[in-house]
Amino acid sequence: MRAMGDKMPEEAGQAERRVTAETGLSLTRPVVLVGMMGCGKTAVGTALASRLNVPFRDTDEALESAARMTIQEIFDRDGEAFFRARESEVLRRLLEQGPGILSTGGGAFLRPENRGVIGKSGVSVWLKADGELLWSRVKHRTTRPLLMTDDPKATLLALLAERTDSYSEASLTVQSVPGLSIAQMVDRVIAALQDAAILT
Ligand SMILES: Nc1ncnc2c1ncn2[C@@H]1O[C@H](COP(=O)(O)OP(=O)(O)OP(=O)(O)O)[C@@H](O)[C@H]1O
Ligand SMILES: O=C(O)C1=C[C@@H](O)[C@@H](O)[C@H](O)C1
Ligand SMILES: [Mg+2]
């Protein structure tokens, strides 16, 4: 098995500055999407990377592929503390791979250590959504171990309340509201990145 801290051979030594093909825009740092479960980090991140024609990376997906286990299986077998340690390693490795879109797991931005490494080489974007919207998106899924409780909606709302201060430390915030499609969220993130001169 590839160690979780290893670089993917094809991505090692990637160019520092990536000129995006279709839009003509340049991205100079990894754009790191953060926020609660269901805020759209994976869905919006995938569409954003595709629109900009830059690499897409996702800490949850990278962890699952390195471990050849689902996140639920990692939590069940090794516990959350083990998962968080691996998540920090994977985050560092993916940040080293250069400009692109990096979606994180919902808990990744809570650790000061992770916020530090993200701030050094990337720019964080919080996809902000209220509890009802988040719940509408996660309630049908059973893939999120932290929501395997007797009252998953209450758990989600409690996590949102306790995490909001950490997420608000992100460099940029993009609000998600009901009715905005994934493509419209991509428009909003691009506009925020352009305003901040991250995408030029
Ligand atoms: N703007 C949107 N409009 C409609 N559906 C959306 C939107 N954003 C996300 N979704 C849907 O909500 C669900 C959850 O989104 P997604 O998996 O991207 O969340 P996430 O932030 O990556 O969560 P996690 O932290 O658990 O990885 C998916 O089914 C996704 O397609
Ligand atoms: O919000 C969280 O803590 C999590 C979100 C998911 O992305 C996964 O990283 C995992 O289910 C934990
Ligand atoms: Mg995700």
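The values are calculated or read from the model by the stated rules, or taken from the named source; none is laboratory data. This structure is a prediction, so every number in the text was calculated from the model and none was measured. Virtual Cβ from ideal backbone geometry, glycine too; neighbours counted across all protein chains shown. Note: accessible area is taken over every heavy atom of the protein model, side chains too, but ligands, DNA and RNA are not part of it. Shrake-Rupley method; radii C 1.70, N 1.55, O 1.52, S 1.80 Å.
Criterion first (touching a strand residue (DSSP E or B) at 6+ places or on another chain (Cβ under 9 Å) and open to solvent by 80 Å² or more (accessible area, probe 1.4 Å)) does GLU132 satisfy it? Considered against the rule, which asks whether it is touching a strand residue (DSSP E or B) at 6+ places or on another chain (Cβ under 9 Å) and open to solvent by 80 Å² or more (accessible area, probe 1.4 Å), GLU132 comes out as no.
Pick from region 124-148 the residues that are among the hydroxyl-bearing types (Ser, Thr, Tyr) and modelled with pLDDT under 95: which of them is farthest from GLU64 (Cα to Cα)?
THR142
Applying the condition of being open to solvent by 60 Å² or more (accessible area, probe 1.4 Å) and within 12 Å of ligand 2 (Cβ to nearest atom) to region 49-69 and asking which residue is farthest from the chain's Cα centre (by Cα) yields GLU64.
Could you list, in sequence order, all residues of region 135-149 that are open to solvent by 60 Å² or more (accessible area, probe 1.4 Å) and assigned to a helix (DSSP H, G or I)? Residue satisfying the conditions is ARG137 alone. Pairs meeting the criteria (first residue in region 150-173 and surrounded by fewer than 16 Cβ atoms within 10 Å (Cβ to Cβ) and part of a loop (DSSP other than H, G, I, E, B), second residue at pLDDT 95 or above and of a type in the set (Lys, Arg), beta carbons under 8 Å, at least 6 apart or on different chains) are GLU169/ARG115.
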